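Throughout, read-outs are computed from the coordinates displayed, never taken from laboratory work. Quick caveat: nothing in here was measured; it's all calculated off a predicted structure. All Cβ positions, glycine included, derive from the backbone under ideal geometry; neighbour counts span all protein chains shown.
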Amino acid sequence: MCGNEAMAEAAIQAGLDAYFGYPITPQNEVTAYMSQRMAEEKRVFVQSESELAAINMVFGAAATGKRTMTSSSSPGISLMQEGISYLAAAELPCVIVNVMRGGPGLGNIAPSQGDYFQSVKGGGHGDYHCIVFGPSGVQEFADIMPLAFDLADKYRIPAIILADGILGQMMEPVVIPQNAVRRTQDAGLPKKDWALTGAQGRKQNIVRSLWLADGAVEQHNYDLQAKYRQIEKNETRCEQTDADDADIIIVAYGICARIAKRAAQQAREQGIKVGCIRPITLWPFPSEIISKAADKSPIFLVVEMSCGQMLEDVRLAVAGKTPVVFWGRPGGGIVTVEKVLEKIQGLVTNPKKK
Amino acid sequence: MMQKVFTRPKTLKDCPTHYCPGCGHGIAHRLVCEVIDELGIQGKTIGIAPVGCAVLAYDYLDVDMVEVAHGRAPAVATGMKRTNPDKIVFSYQGDGDLAAIGTAEIIHAAHRAEQLTIVFINNAVFGMTGGQMAPTTMLGQITATTPQGRQADGQGYPLNVAELLAVLPGAIYVERCGLCSPAHIRKSKAALKHAFELQMNNAKGLSLVELLSPCPTYWRMTSPDAMLHIQNEMTKVFPLGKLKG
């Protein structure tokens, strides 16, 4: 299965009630797959008139307590930012998949990681975060889906799965987690007693993001921030490979992490001690792990398919303790093992070179 | 023994509103609440408040409600109704919300024949932001952004959304009424009731009731003059009556 289809089936197995989406390359397999499978499952599929409409359909379904998602690619995700800000403000759970392509603008349809800032720093207006996952293979793309729904429900927050055109398109053997439906009753997830289900026999429920009273939005923001601190504490996920004794630590996520790991392995064969730190959650970011690793004074090499976005978070975590260098390609250029290895070798011969 | 013959609808909360004197929202809210009461659907109705003067509609209407981004109500309603076909979903939208920023959403909701009820308040002006030109603003009408009066050349003509929607097969009922006299208000209520009944009866398509509604504040008129303005002027551009269904 290609990553797009694996992730779509995993969402269905995770109890997806409704999918809303608009065609855009390179994630069209999702929409096509959903149109067939959601009908078979007698669940909701709507091809919307725009990404604006898709994210607001998600808003509507989420407000009634349903498990819902949309998927798109970079330009479409930009259009959704208004809706994502409202979802974050109204604390509605949902999953948003971004199969990133080259940008800015219409860019191209090649794989990219250029939407990191947009995803982890908010993206729309206001102070908010979404939980952001950066899967690095088709299996992980599928495995993260039930977790994304669970965490979205647990914290009443939108969860973004930040993939790229390679992950969406490439085929790998994959085992889809079957019937991974975890609902409030059986999984320790909070009851959705806030949902709009008709006020029969109870007080009116209101889902809102406008707080006009003096100080009310300020308080709402503090409440959101308290929730974000909890998420940072409980849900930061990261994989470390040979980082303990490394002189050079590569920090990379998604498809770049697989390329980086291969380069690290080849470097080890040449006697260069290279390790990898792979953030699985991009927000919350594994800052503490990187900070601790920085105490041993390795050189950090950040590899991204962008001009250096996650680089800034690595620098913040390292806080000047040790050098942080970057190698990457923007606009749909693909990072290769050879180039990463070349960069590693360059750091060994001239460690101060940036 | 005194008998109570007239009372506040159960669905309308007992509280003062923030609306200006002479505003049509109070009448429209009451009509919607009377209809919800009479149809016995308070416990299964989900309402959508717009961005605009009626953004706080949930403070007055005692049903489950959501407040959504400007113009996006028909998309949000689609997400709700598709996943909750047993609920009654309605949006309450002004002319800025529905006829300007939300034209794509309302047209495509109708185009997909979504089973929704839309209450469209047309007062020919953006109220909440301070009386700017709306797509429905009348030619010659003075607003904050048409200080010389709206000119067709450069500012366009009033947009007749109801007529636009009526030609779509997915819109099954479209009617325009005016909140400008007791007789017209009774007609408005009948239209609203029909629009809700269609959804209750699982009719396959979208129903929209446009209500020409007074805004004395930004029309720069007294309340009685605003009522007369609807009857004598607005209805020339926005003719009353059933357009479809």
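Things worth noting here:
- Among B:146-157, A:289-300, the order from most to least packed when residues are scored by Cβ within 10 Å on average: A:289-300, B:146-157
- Springs between Cα atoms under 10 Å define the GNM used for chain A, and in it the highest mean-square fluctuation of A:Leu16, A:Leu316, A:Leu282 occurs at A:Leu316.
- Gaussian network model of chain B, springs between alpha carbon atoms under 10 Å - residue of B:Thr45, B:Thr145, B:Thr235 with greatest fluctuation: B:Thr145
- With each label modelled as a point 7 angstrom along the Cα→C-beta vector, the B:Gln132-A:Arg229 pair spans 3.9 nm.
- Distance from the alpha carbon centroid of region B:12-86 to that of region A:1-71 works out to 28 angstrom.
- Neighbouring partner chain Cβ atoms per residue of B:40-46, average, 10 Å criterion: 4
- Per-residue average of Cβ from other chains inside 10 Å of B:109-122: 1
- Neighbour-count order for B:Arg186, A:Arg278, A:Arg315, B:Arg72, fewest beta carbons within 10 angstrom listed first: B:Arg186, A:Arg315, A:Arg278, B:Arg72
- Summing Cβ point charges (Lys, Arg +1; Asp, Glu -1) relative to the Cα centre of chain A gives a dipole of roughly 380 debye.
- Cross-link table A:Lys191/B:Lys81; A:Lys203/B:Lys4; B:Lys44/B:Lys204; B:Lys4/B:Lys81; A:Lys66/B:Lys187, entries beyond 30 Å C-alpha to C-alpha: B:Lys4/B:Lys81; A:Lys66/B:Lys187
- Using a Förster distance of 60 Å, the FRET efficiency for A:Met170-B:Gln3 (Cβ separation, nearest 0.05): 0.20
- Max mean-square fluctuation residue, GNM over chain A, Cα-Cα springs under 10 Å, options A:Val44, A:Val324, A:Val274: A:Val44
- Sequence of B:Cys53, B:Cys20, A:Cys2 once ranked by neighbouring C-beta atoms within 10 Å, starting from the fewest: B:Cys20, A:Cys2, B:Cys53
- A Cβ-based charge dipole, computed about the Cα centre of region B:160-245 with Lys and Arg at +1 and Asp and Glu at -1, lands at about 200 debye.
- Normalised convex hull volume, region A:77-233, alpha-carbon set, Å³ per residue: 141
- Shape category assigned to chain B from the gyration tensor of Cα positions, a/c cut at 1.5: oblate
- Among the residues of A:109-121, the average count of other protein chain beta-carbon atoms within 10 Å of the residue beta-carbon is 0.
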